[in-house]
Protein chains: 2
Amino acid sequence: MANQVPGTQSFSRSIGLLQHICDRATPPNLQNLLEECAFTRPTLYRLLAGLEAENLITQTRDKRFKPGVRLINMARTALTQSDIRDISREALIKLRNQTRETVHLAVPSGEGLVYIEKIESLETVRMSSTIGTFVPLHSSGVGKAYLSALPEDDLAAFLRDADLRPITRFTTTDASRLRTQIMTCRMQGFIFDNQENEEGIACFGAAILDDQLRPIGAISVSVPLFRLNEDESHYSAPLLECVRGLSGGIG
Amino acid sequence: MANQVPGTQSFSRSIGLLQHICDRATPPNLQNLLEECAFTRPTLYRLLAGLEAENLITQTRDKRFKPGVRLINMARTALTQSDIRDISREALIKLRNQTRETVHLAVPSGEGLVYIEKIESLETVRMSSTIGTFVPLHSSGVGKAYLSALPEDDLAAFLRDADLRPITRFTTTDASRLRTQIMTCRMQGFIFDNQENEEGIACFGAAILDDQLRPIGAISVSVPLFRLNEDESHYSAPLLECVRGLSGGIG
DNA sequence: CAGAGATGTCCATATAATGGACAAAGATTT
DNA sequence: AAATCTTTGTCCATTATATGGACATCTCTG
């Protein structure tokens with residue numbers, strides 16, 4: 001969170017501000033930002049002016065700040081250039097067909113993962129649904145699957161430092177319980193997540209590994225609880241087949 | 001393009017670099033960037049380190065730089081917070097149903113417009129298709145429609161300064177011809193664009209106005225040439241109805 | 001219309017960003 | 001295998017840049 005890289009303070013501040021504006025449920029005005037961010041008034045003005053000049057934010061009529069469309073344009077190219085996404089699409093579609101449920105592909109971003117692909121039925125899918133959504137490592141199938149593929153040192157560091165905040169009332173917030181789950185995942189190659197990230201949704205997750213067995217992302221199958229098949233292997237078998245097909249072949 | 005806003009040089013540089021990395025067809029390495037951008041070696045290193053620390057870019061194994069997934073996450077919120085998109089969705093679907101053709105919604109970004117919504121058939125639509133794509137003002141239906149709704153001063157300034165580069169071999173590259181087309185659009189409320197932005201695709205565009213009659217975006221109906229209906233009003237009538245319904249009601 | 005609060009700008013200062021110059025690591029030649 | 005060249009990465013003095021205290025202006029409210 002702090003400014004690790006020397007010589008980039010102002011950039012880091014600007015991006016932090018942009019992120020804050022993006023994260024707000026409702027577009028903030030200057031007052032809000034002054035209170036919520038630790039910037040002095042002139043600094044805030046400058047940062048905002050810089051962001052606006054780059055079309056990264058826009059002002060509404062009533063002087064509120066919203067994310068700008070430049071971001072959407074940049075994101076398009078980011079998605080286009082994501083080779084893991086291209087490579088895995090076919091396999092994801094197959095997995096969706098086998099399980100008949102929604103499948104997601106997530107890759108690391110910051111402290112967690114971000115969904116970069118979603119395959120559901122043949123209905124309209126667009127970015128606003130879930131592509132681009134951030135998911136914490138501790139509360140999601142993809143997250144725990146990813147954790148389970150991390151080297152022991154990194155996992156230990158995560159469990160020590162992470163903020164295991166509850167996302168739903170089912171979220172695991174206890175580090176040792178989380179470790180147990182992760183160990184189970186290491187054993188069986190996948191994890192079952194019961195409503196930890198979204199109430200009413202269970203989910204099976206498994207990691208995609210590169211040729212050095214380091215995780216590069218994770219795949220999940222999400223199932224509405226009411227229609228969850230008793231037989232776990234109905235989901236886990238195709239899922240494992242899917243990630244095995246992808247692992248090693250990427251990067 | 002130059003750094004207009006004082007006190008934001010380094011930020012502007014960083015974003016410029018990010019944009020350049022996004023724009024590259026193939027991920028650049030350090031060497032490429034050094035040649036293509038006007039940065040000294042140490043500066044480039046710093047900017048890259050800053051971008052990477054913020055997850056805005058990632059390095060591939062072979063030291064090439066690609067856009068990072070943080071962008072996708074931010075873009076999601078940008079789309080979510082776009083009220084024009086929410087407000088117009090219903091009307092766009094209706095327009096698609098009436099014309100049976102693909103419809104787009106575009107809003108200003110930088111020198112041109114960016115598509116922020118697309119409604120085609122009931123087939124899968126995802127961001128990588130066209131949402132997020134930048135379109136120039138002079139070569140597209142949405143662009144010219146937008147121009148036609150600009151105050152005369154702004155239009156004149158655009159025609160004077162703009163770089164009317166050909167996008168296809170049908171693109172209007174002559175300012176006075178462009179003005180004629182725009183005047184036609186002002187008269188009839190919509191514009192017909194014949195393959196100027198994409199070969200084989202014709203398109204009808206019309207602007208959405210706010211309550212002060214300033215353009216806030218534009219809508220287009222795109223038709224593959226081979227199935228273009230002779231009767232223009234087949235497209236223009238629903239299009240005009242659509243933008244009239246939306247204009248004034250936004251902002 | 002006075003007072004309080006919010007909004008916007010200036011500019012001296014400190015510090016963060018800059019880039020010339022050097023070092024280290026790889027590649028290529030003799 | 002040594003020598004030379006090329007590429008890649010880092011240091012640090014310098015200065016231009018970003019910073020924020022202070023002041024000006026505009027906007028409510030009683």
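The values are calculated or read from the model by the stated rules, or taken from the named source; none is laboratory data. Predicted model, so just to flag it, every value in this text is computed and none were measured. Virtual Cβ from ideal backbone geometry, glycine too; neighbours counted across all protein chains shown. These accessible areas exclude ligands, DNA and RNA; they are computed on the full protein's heavy atoms, side chains included. Shrake-Rupley method; radii C 1.70, N 1.55, O 1.52, S 1.80 Å.
Among the residues of region A:84-101, not a single one is farther than 30 Å from A:Pro224 by Cα, away from DNA strand D (no atom under 15 Å from the Cβ) and more than 22 Å from the chain's Cα centre (by Cα). The listed residues are B:Leu79, B:Leu105, and the only one of them that is at pLDDT 95 or above, of a type in the set (A, V, I, L, M) and open to solvent by less than 30 Å² (accessible area, probe 1.4 Å) turns out to be B:Leu105.
From the list B:Leu34, B:Leu18, which one is among the hydrophobic types (A, V, I, L, M, F, W, C), at negative phi and surrounded by fewer than 17 Cβ atoms within 10 Å (Cβ to Cβ)? Among B:Leu34, B:Leu18, only B:Leu34 is among the hydrophobic types (A, V, I, L, M, F, W, C), at negative phi and surrounded by fewer than 17 Cβ atoms within 10 Å (Cβ to Cβ).
Evaluating B:Pro6 against the criteria (1) within 8 Å of DNA strand D (Cβ to nearest atom); (2) in contact (Cβ under 8 Å) with a residue 40 or more places away in the chain; (3) of a type outside the set (A, V, I, L, M) leaves one unmet condition, (2).
Every residue, every condition in (1) of a type in the set (Phe, Trp, Tyr); (2) within 25 Å of B:Tyr115 (Cα to Cα); (3) out of contact with any strand residue (DSSP E or B) (no Cβ under 8 Å at 6 or more places or on another chain), yes or no:
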residue	(1), (2), (3)
B:Ser12	no, yes, yes
B:Ile15	no, yes, yes
B:Phe39	yes, no, yes
B:Leu47	no, no, yes
B:Thr60	no, no, no
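Looking across region A:82-102, the residues that are among the aliphatic types (A, V, I, L, M), crowded, with 17+ Cβ neighbours inside 10 Å and touching a strand residue (DSSP E or B) at 6+ places or on another chain (Cβ under 7 Å) come down to A:Ile84, A:Leu92, A:Leu95. Consider region A:1-11 and keep the residues that are at the interface with chain B (Cβ under 7 Å from one of its Cβ atoms) and surrounded by 15 or more Cβ atoms within 10 Å (Cβ to Cβ). The one that is modelled with the lowest pLDDT is A:Val5. When you look at B:Gly110, is it at the interface with chain A (Cβ under 8 Å from one of its Cβ atoms), out of contact with any Gly (no Cβ under 6 Å at 6 or more places or on another chain) and open to solvent by 40 Å² or more (accessible area, probe 1.4 Å), yes or no? Answer is yes for this residue.
Could you grab me the full set of residues in region B:207-225 that are over 22 Å from A:Thr58 (Cβ atoms) and either buried (at least 17 other Cβ atoms within 10 Å of the Cβ) or at pLDDT 95 or above (or both)? B:Val221, B:Ser222, B:Val223, listed by residue number. The numbered conditions (1) touching a strand residue (DSSP E or B) at 6+ places or on another chain (Cβ under 7 Å); (2) farther than 29 Å from A:Thr130 by Cβ; (3) more than 16 Å from DNA strand C (Cβ to nearest atom) are all true for B:Asn32 except (1). Among the residues of region B:42-59, are any loosely packed, with under 15 Cβ neighbours inside 10 Å, of a type outside the set (Ser, Thr, Tyr), within 9 Å of DNA strand D (Cβ to nearest atom) and within 22 Å of A:Pro108 (Cα to Cα)? Within region B:42-59, none of the residues are loosely packed, with under 15 Cβ neighbours inside 10 Å, of a type outside the set (Ser, Thr, Tyr), within 9 Å of DNA strand D (Cβ to nearest atom) and within 22 Å of A:Pro108 (Cα to Cα). Somewhere in region B:151-167, is a residue closer than 26 Å to A:Ile72 by Cβ and surrounded by 22 or more Cβ atoms within 10 Å (Cβ to Cβ)? No, the conditions are met nowhere in region B:151-167. Criterion first (within 16 Å of DNA strand C (Cβ to nearest atom), open to solvent by 50 Å² or more (accessible area, probe 1.4 Å) and modelled with pLDDT under 90) does B:Ala25 satisfy it? No; evaluated as a whole, the condition is false for this residue.
One line per residue, one yes/no per condition, for (1) within 11 Å of DNA strand C (Cβ to nearest atom); (2) free of Cβ contacts under 8 Å to residues at least 60 places away in the same chain; (3) hydroxyl-bearing (Ser, Thr, Tyr); (4) more than 7 Å from every other protein chain (Cβ to nearest Cβ):
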{"residue": "A:Arg13", "(1), (2), (3), (4)": "yes, yes, no, yes"}
{"residue": "A:His20", "(1), (2), (3), (4)": "no, yes, no, yes"}
{"residue": "A:Phe39", "(1), (2), (3), (4)": "no, yes, no, yes"}
{"residue": "A:Glu52", "(1), (2), (3), (4)": "no, yes, no, yes"}
{"residue": "A:Arg64", "(1), (2), (3), (4)": "yes, yes, no, yes"}
{"residue": "A:Ile72", "(1), (2), (3), (4)": "no, yes, no, no"}
